[in-house]
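As structure tokens, the structure follows; a few thoughts come after it.
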Number of protein chains: 2
Amino acid sequence: MRRIEDCIAGVVGADARAKEEAQRLQDILTKPQGSLGKLEALSVRLAGVYGTSKPSVGRKVVFTMAADHGVTQEGVSAYPAEVTRQMVLNFAHGGAAINVLARHVGAEVRVVDMGVSCDEDWPTCVICRKVGKGTRSMARGPAMTADEARRCVEAGIELAEMAVDEGFTALAIGDMGIGNTTAASAVTSVIAGKPVRDVTGRGTGIDDTKLNAKVSVIESAIRANSPDPRDGLDVLAKVGGFEIGGMAGVILGGAFRKVPVFVDGFVSGSAALVAGTMCPKSVDYMVASHLSVEPGHAHALAHLGLVPVLDLGMRLGEGTGAALAFSVADASCKILSEMATFEGAGVSRSSEKGS
Amino acid sequence: MRRIEDCIAGVVGADARAKEEAQRLQDILTKPQGSLGKLEALSVRLAGVYGTSKPSVGRKVVFTMAADHGVTQEGVSAYPAEVTRQMVLNFAHGGAAINVLARHVGAEVRVVDMGVSCDEDWPTCVICRKVGKGTRSMARGPAMTADEARRCVEAGIELAEMAVDEGFTALAIGDMGIGNTTAASAVTSVIAGKPVRDVTGRGTGIDDTKLNAKVSVIESAIRANSPDPRDGLDVLAKVGGFEIGGMAGVILGGAFRKVPVFVDGFVSGSAALVAGTMCPKSVDYMVASHLSVEPGHAHALAHLGLVPVLDLGMRLGEGTGAALAFSVADASCKILSEMATFEGAGVSRSSEKGS
């Protein structure tokens, strides 16, 4: 198992020269400059990740990481906690949204038990990296120990590296865990430095009363635990979750192995904040797949300097937005590889400078 | 050839019952209600088009319709007019963005010469429905005769029906024509009832001076020709374009044959305004693929009551946004067909009413 510190030390930033070359290529393809908008920007970003001006996304895998959250005992969710276990079985049987969307874009789904509150009698396709049977309630002390936080992240790094060793060239992270938008709001508030109220939403669908209670729980948990915003592992341990740590690890492992990690929505975004705090260079390897309806997500992305590819009004998690973004990324790379240039196709250029 | 009036008389609105059933199904799938955002809304819309609660998009074709515009002689575009012909050849050789993106989503591209200003010595794959060698300048009289306007629309209806007869079950429309954002702005201003300045943008990339000139040209063309905003064919004839008429025809033909027509961006959107004015029920069959950067597009969509699926900062045309939306539509239908229900998967429901 690679140590977290060794992984972080091995991450180098994106290839600036490949990005420049990809941008130059975009500018001579048979279309007005910039007219493919985010497709162009995404292709250039991926050129930097893969270190070539004609990148290809290739084989794709979504890590859907599940865990339970002790904070559900404070009444912060619309769904009972046993739904986490039930949904892991749904993933295993191929009936959840992420299964459908991953099939649609040709990606594999790897379901990981990072800390579901049940015994480990899973179907064989579920990868068990259980760090504990759910976190403790952050309202009553740290969600996990410092050692547990390290173990989550290390598990994520290991899974990312295993996937790359198997030939996967693009990773995605998604989440399942009743109560985990509470943890994500806490992490986002601390690391992005925003008031809890601004980064807390309705999750799976709570009413105003529960939303107010959720905000109070998070505020008092942050006060009581005082996580250090500059220390990603400390924030993860005190107010995070096992699946958040696992996803942060996948990002670090992906960045170490120079493959892009497609970050799904709000909970995955809080993992990106943890990873970005631990290893700022890892941000180069993140792709912000979509903008979640959860209000904290825009703050998380802004803190990381990331622009979301899609904006479809989604708020499901699981990696669903990342799966759809995989397809857009494929398309963006094919533009670079397959389109004709003005010169090659005998098409006249614009008479306007720079257009 | 089907007469326009017979086609319009044969269009019936979307199937309200299939839409209701699809919505009910969305609400019992294993996810919080509404959490897939626009994917859910799109699947319900397509259920109404296909008349079934489990629709499938099936075989897809993009009509990329090209024509020239006499108004280019007023200096409204950044590119020389011969680029229209050059780009048709680029489409025919598979080197344009629409070729790449259509291949990516498994759609066929049909390139149609609706009125390119050149002889007809095209490669065999180009479909020739040339109504004229470019329109006349709307600044100096009507862009085309009333008879020419009818012929464009009839050609589009015929092409749509031929495609459905061949087994295509989803159509898209896209445009190529130097100068055609000028025509689209004029059509949008007239039908949506918005000031020219608000619906006129930089097209392929003109500077401020040319933008001001473009606005003046459109304003005086509308004043001189006084098109009737309630008469789509009249607007098309006076300030439209041959490819805009062809695309309006594809919409009418698609609606008549009950298949969705994915409308691309701003110029296609002006065709949607023409079709919607001629046949309000045809709007049920339109899918607004994406939101163009061109400022008039949002006004056109608002007038039609359509919400765009994607928002990727694109402004290329050709059908590129529609191709990407095809893939999202496929995904949205698979959600309805392939996801497990709460009951089927043994997943507990929310404790909150209506979530």
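The values are calculated or read from the model by the stated rules, or taken from the named source; none is laboratory data. On a predicted model such as this, the values are computed, not experimentally measured, just so you know. In this analysis, Cβ positions are derived from the backbone assuming ideal geometry, glycine residues included, and neighbour counts consider all displayed protein chains. Calculation scope for accessible area: heavy atoms of the full protein, side chains included, ligands and nucleic acids excluded. Shrake-Rupley method; radii C 1.70, N 1.55, O 1.52, S 1.80 Å.
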Nearest-first distances (nm) between copies at residue B:2, label 7 Å from Cα via Cβ: 5.9
Trypsin sites (Lys or Arg not before Pro) restricted to the range B:1-57 and DSSP loop, no more than 12 other C-beta within 10 Å: B:3
Spin-label pair residue B:73/residue A:351, simplified geometry with 7 Å Cα→Cβ offset, distance in nm: 1.4
The range B:273-355: GluC sites (Glu not before Pro) in DSSP loop, at most 12 other beta carbons within 10 Å: none
In degrees, nearest ten, helix A:146-165 long axis to first principal axis of chain A (Cα): 30
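What total accessible surface area, summed over both chains, is buried at the interface between chains A and B, computed with a 1.4 Å probe and given in Å² to the nearest 100?
Looking at A and B, the buried total is near 4600 Å².
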Tilt relative to chain A, helix A:320-338 - C-alpha long axis, 0 to 90 degrees, to 10: 20
Accessible surface of the range B:60-328, 1.4 Å probe, proportion on carbon and sulfur as whole %: 50
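Note down the relative contact order for chain B as a percent, whole number, built from C-alpha pairs under 8 angstrom at least six residues apart. Numbers along the way, then the final one.
Details: 816 pairs, mean separation 88.0, N = 355.
Once divided by the residue count of chain B, the mean separation gives 25 percent.
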Given A:194/B:334; B:133/B:281; B:194/B:281; A:214/B:31; A:38/B:334; B:38/B:194, the pairs whose alpha carbons are separated by over 29 Å: A:194/B:334; B:133/B:281
Degrees between helix B:38-50 axis and first principal axis of chain B (Cα, 0 to 90, nearest 10): 80
Size of electric dipole in the protein assembly as shown: Cβ of Lys, Arg +1 and of Asp, Glu -1, about Cα centre, debye, nearest 20: 520
Threshold 50 Å² - residues in the range B:1-45 whose accessible area is reduced by that much or more when the chain is no longer isolated, probe 1.4 Å: B:32, B:35, B:36
The range A:60-328, accessible area per residue, ligands and nucleic acids excluded (1.4 Å, Å²): 29
The range A:264-316-the range B:48-62 distance, computed between alpha-carbon centres (Å): 33
Paramagnetic label zone (point 7 Å from Cα along Cα-to-C-beta, residue B:281; backbone N under 17 Å) in the range B:12-55: B:12-19, B:48-52
Global geometry of the range B:60-328, whether rounded, prolate or oblate, following the gyration tensor of its Cα atoms and the 1.5 cut on a/c: rounded
Residue A:133/residue B:17 FRET efficiency (R0 56 Å; Cβ-Cβ; nearest 0.05): 0.75
Pairs of alpha carbons in the protein assembly as shown whose separation is greater than 37 Å (percent): 40
